[in-house]
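The values are calculated or read from the model by the stated rules, or taken from the named source; none is laboratory data. Everything quoted here is computed from the prediction, not taken from an experiment. Positions of Cβ are generated from backbone atoms using ideal geometry, with glycine treated the same way; all protein chains shown enter the neighbour counts.
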C-alpha cells in the first residue's frame, strides 16, 4: 500500500483507512492518493459518501457499509440507474462494482431540495414533471417492491426490545398493507427513496434542472410509493397532498387521496422500523 498523507479535511483514522483501501480498489482512483483531493464526507445512512475535489476532478465516492448488500441488489441498481441516466434524470456513474462501490460525477453548483421547495408551486410542478417522466417512460426496472416482506424484514431486523415496543404498530400497519394491496394500479419504474437529500437542483442552469441520485432501492412499484414519500418529506397537509396528486395525474383520476394517505402512513412506519433496525 502506498504511503499517504492525511487529507486536508480532518477525519477519523478508521475513515482514512477505508478511503485508502477504496482508492486502491477503484481503477480511476488508483493513480491518486487521498491527499490529492479536498475530501468532504457527505450525509448517508446506508453508505459512506464523500466528495472528492481538486483542480481537475469533482467526484462522489460511495462506499457501502457491510449491512447494505444484505438488502440491496447491486445488479438491479446498476441496471436501473443506467435507465434513469438515459432518461436524463440521474447523473453519470463513472465506475461501479457489484459490491456497491461507485464513483460518479458531482452535479456542480447544485443543492438538495428543501421542504420549502415542495411548498413552492412552480418547484413542485417541476419535480412532479420529473416524476411523471420516470413513471410514464414505459421503461421496466428490474425488481419489484413487496411491502409485506419489507415490513416484516425491517421489523425482524430491530432488536427484540424494539420489536416488543412496536408490536401493536406492526400489527396495525400490516393490516393497512393488506388494504392497499387490494388496490389495482399499474406498477411503474420508481425511485422508492425520494428523500430531499436525493433530489438536487442546479443553481445556475436555465431552466434549473432537477437531478435524482441514489437509485439503490429503485424497482417497479406502485406510483403511490414515490408520491407518498414526497408528501411525507414535504410534510404536506391533506389539501397539499391532493394538489400534488392532481398535478401528477391531471384529468385522469385513477389514483385517490385516501389510498395515498394510507401509503404515507405505511412508508412513515417503514422508515421508523428501518432507522431503528439500522441504529440497533
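Observations, loosely collected:
- Of the residues in the range 209-216, none is in contact with a helix residue (DSSP H, G or I) (Cβ under 8 Å, 6 or more places away or on another chain) and loosely packed, with under 12 Cβ neighbours inside 10 Å.
- Per-region count, the range 126-147, residues in contact with a helix residue (DSSP H, G or I) (Cβ under 7 Å, 6 or more places away or on another chain) and at pLDDT below 95: 2
- Of all residues in the range 111-144 being outside any helix (DSSP H, G or I) and farther than 20 Å from residue 225 by Cβ, the one that is nearest to the chain's Cα centre (by Cα): 112
- From the list 247, 270, 260, 227, the one residue that fits, being surrounded by fewer than 20 Cβ atoms within 10 Å (Cβ to Cβ) and either more than 21 Å from residue 152 (Cβ to Cβ) or out of contact with any helix residue (DSSP H, G or I) (no Cβ under 8 Å at 6 or more places or on another chain) (or both), is 247.
- Residues in the range 101-111 that are within 23 Å of residue 19 (Cβ to Cβ) and surrounded by 13 or more Cβ atoms within 10 Å (Cβ to Cβ): 101, 102, 103, 104, 105, 106, 107.
- When residues of the range 131-142 are limited to those that are touching a residue at least 40 places away in the same chain (Cβ under 8 Å) and surrounded by fewer than 19 Cβ atoms within 10 Å (Cβ to Cβ), the one farthest from residue 208 (Cα to Cα): 142
- Meets criteria (under 19 Å from residue 214 (Cα atoms) and either outside the structural domain of residue 260 (by TED's automatic domain parsing) or in contact with a helix residue (DSSP H, G or I) (Cβ under 8 Å, 6 or more places away or on another chain) (or both)) for residue 119: no
- Residue 191 vs. criteria within 19 Å of residue 266 (Cα to Cα) and in contact with a strand residue (DSSP E or B) (Cβ under 9 Å, 6 or more places away or on another chain): yes
- Residue among 171, 182 that alone is free of Cβ contacts under 8 Å to residues at least 40 places away in the same chain and more than 25 Å from residue 278 (Cα to Cα): 182
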